[in-house]
Amino acid sequence: MKTWGFLFVACLGLISLMVLPEDGLFYRPEKWPKPLYNFDDNPLTLEGFNLGRALFYDPILSQDSTVSCASCHLQYTAFAHVDHPTSHGINSRIGKRNAPGLMNLAWYPTLHWDGGVLNLNGQAINPITHPDEMGETLEGVLKKLNRNRYYKTEFMKVFGADPIQTNHLLKALGQFTVSLVSSNSKYDSVLRKESNFNAQERRGYSLFIKHCNQCHTAPLFTNFEFKANGIGPNKQIIDSGRAMITGKASDAYLFRVPTLRNIEYSFPYMHDGRISKLKEVLAHYANSSNWQKPKSRELTQKKITLNVNEQKDLLSFLKTLSDKQFLFNQAFRFPRK
Amino acid sequence: MLRFFLFFFLFPSLAFSQMTLFPQVGLERFELHQLYSRPDGDSIRIDQFKWYMSTVLGEIYLVDASDPTTYALPFLSKEIQLGLDSTANTAGRFDGAYDPLLGMYWAWNTGYIHLKLVGCLVQKGRQLPFEYHIGGYKAPFETFVPITIPEGTKNITLQLERLFTALPITTRPNIMLPGVAAQQIFHAFSTAFE
């Protein structure tokens, strides 16, 4: 691993340290665009990261102390949810969506499938206060944290915070989630000329560039735009996607293009988790007669036809986007306090 | 760090408190949980009434009728705005007046509620609850209005009758999204400052 991470200026702006991906803290991979996250507002420290991780894995954030962030975002599925999502009733806005994998969030201009959330730190208010997720109130969480000796000490160390307030809680969680960088897949090492694709992966890569890269654009494998890939509206769960945020009819059933990094592990697929196997996703794209309205221009411009062998080639390329270092990084695991 | 911030946050309000809001219904002083009659014969009761004000300098301030000390505006600037601009809405800071604890933050569609109005319409003995979360900072559904206040003004009287009459309680008792209906309510509120 030759990539050195970024320089981080610690809280007081005095201590700076070099960071390796294995340490867990955020780094900017070579040749990647500038991250959008506001690091000046929340300078990362190892203590802050560890505090964020402790919170991420702690059910203290939920009303009855049973659900943590990690209940829906598991490391070995690239922080996505493994269960097929079920509908939690009509008022449940988030409950009807599939939990996406969490990675490279520092580059995300918007969060959630509909792009309604503009700020990573603020995102955490959604699961904490959502009745079908953690069902807590911010008052309730802060009260519990302010009674907890471990958290009192840690928040004091990291933010000089007493009492712990909303912004401290959100910044701590942000220090952990923004640090979930995945950039060490086989694909990345091929790009760095440290290894080579085999013949099948190479064929898959050409197909990918031809048919998929317009929307799932490297290096993040998404262009962050709102598109429809022809799966059609869900018939049971009404979810108009982007239109809920913009109020525009032309945005109905558009969803943010998801990243394909670690896609082998982040099943089930699509905003509603309706497809459970990657093979089936490829079968969907391979056969344009399956496509339903709405369909974005990128799909319909060029006719896609992928025979069975081509689908296998694409699949083997998609698997080169799996990043074992990320999926098994000790630094992202359940912490021992 | 926090103390430092709080100091700056509170200091102007102590030192330069120049203008005070006086919400009224007709000639009566407005109070939460009181019944006020409307011209159409119905009565209205308000249980929650909060709104953001801001200045052209980017300061933001929450007025909350349940805490009348917030009627004293900590603004030096004469150029007051009702609501928040897009910078404030997307600032991504969650301290002070930005704290989502204040119940004015839309988490799933990033932005702030600029005006929260919750209460009940009493119509021929029937109670019709209503809840308005009014906000929006994206064109064309902004709820954000500059207010001109004559120089030297110390007391700003808010005439709330027009707002209470304009609420579409029987047809739309709940509005939780930016849009035309939200803008109409916000506009009615802004006329209270005239």
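The values are calculated or read from the model by the stated rules, or taken from the named source; none is laboratory data. Quick caveat: nothing in here was measured; it's all calculated off a predicted structure. Positions of Cβ are generated from backbone atoms using ideal geometry, with glycine treated the same way; all protein chains shown enter the neighbour counts. Side chains are part of the model used for accessible areas, which takes the heavy atoms of the whole protein and leaves out ligands, DNA and RNA. Shrake-Rupley method; radii C 1.70, N 1.55, O 1.52, S 1.80 Å.
Enumerate the pairs (first residue in segment A:106-119 and in a helix (DSSP H, G or I); second residue anywhere and at pLDDT 95 or above and among the hydroxyl-bearing types (Ser, Thr, Tyr)) with beta-carbon separation below 7 Å, excluding pairs fewer than 6 apart on the same chain, so at least 6 apart or on different chains.
A:Ala106/A:Tyr37
Would you point out the residue of segment A:124-151, among those that are assigned to a helix (DSSP H, G or I), touching a helix residue (DSSP H, G or I) at 6+ places or on another chain (Cβ under 8 Å) and open to solvent by 30 Å² or more (accessible area, probe 1.4 Å), that is farthest from A:Arg97 (Cα to Cα)?
Ranking the qualifying residues of segment A:124-151, first place goes to A:Tyr150.
List every residue pair whose Cβ atoms sit under 9 Å apart, with the two residues 6 or more apart in sequence or on different chains, where the first one lies in segment B:141-157 and is away from chain A (no Cβ under 14 Å) and in a loop (DSSP other than H, G, I, E, B) and the second, anywhere, is acidic (Asp, Glu) and open to solvent by 60 Å² or more (accessible area, probe 1.4 Å).
Filtered contacts from segment B:141-157: B:Thr148/B:Glu79; B:Ile149/B:Glu79.
Out of curiosity, is A:Tyr27 at pLDDT 95 or above and either among the aromatic types (Phe, Trp, Tyr) or open to solvent by less than 10 Å² (accessible area, probe 1.4 Å) (or both)?
yes
Please name all residue pairs, on different chains or six or more residues apart, with Cβ atoms under 7 Å, provided the first residue is in segment A:276-303 and is without any contact (Cβ under 8 Å) to a residue 24 or more places away in the chain and the second residue is in a helix (DSSP H, G or I).
Going by the 7 Å Cβ cut-off, the qualifying pairs are A:Lys303/A:Ser288.
Report every pair of residues separated by at least 6 positions or lying on different chains whose Cβ atoms are under 6 Å apart, first residue within segment B:177-194 and closer than 23 Å to B:Arg29 by Cβ, second among the hydrophobic types (A, V, I, L, M, F, W, C) and in a helix (DSSP H, G or I).
As it stands, the answer is B:Ala188/B:Leu163; B:Ala188/B:Ala166; B:Phe189/B:Leu163; B:Ala192/B:Leu163, since those pairs meet every condition given.
Kindly provide the set of residues from segment A:198-226 that are open to solvent by less than 70 Å² (accessible area, probe 1.4 Å), in contact with a Lys or Arg (Cβ under 8 Å, 6 or more places away or on another chain) and in a loop (DSSP other than H, G, I, E, B), ordered by number.
Those that are open to solvent by less than 70 Å² (accessible area, probe 1.4 Å), in contact with a Lys or Arg (Cβ under 8 Å, 6 or more places away or on another chain) and in a loop (DSSP other than H, G, I, E, B): A:Cys215, A:Pro219, A:Leu220, A:Phe221, A:Thr222, A:Phe224.
Tell me which of these B:Ala166 doesn't satisfy, since it passes every other one: (1) open to solvent by 60 Å² or more (accessible area, probe 1.4 Å); (2) farther than 23 Å from B:Ser54 by Cα; (3) at pLDDT below 95.
(1)
Answer with yes or no whether B:Pro168 is at negative phi, more than 14 Å from every other protein chain (Cβ to nearest Cβ), not in a strand (DSSP E or B) and not charged (D, E, K, R).
Against the criterion (at negative phi, more than 14 Å from every other protein chain (Cβ to nearest Cβ), not in a strand (DSSP E or B) and not charged (D, E, K, R)), B:Pro168 qualifies.
In segment A:161-190, what count of residues is obtained for those that are open to solvent by 30 Å² or more (accessible area, probe 1.4 Å), within 14 Å of another protein chain (Cβ to nearest Cβ) and in contact (Cβ under 8 Å) with a residue 12 or more places away in the chain?
3
So in segment B:42-96, with the set limited to residues that are in contact with a Cys (Cβ under 8 Å, 6 or more places away or on another chain) and either in a loop (DSSP other than H, G, I, E, B) or open to solvent by 30 Å² or more (accessible area, probe 1.4 Å) (or both), which one is farthest from the other protein chains (Cβ to nearest Cβ)?
B:Arg45
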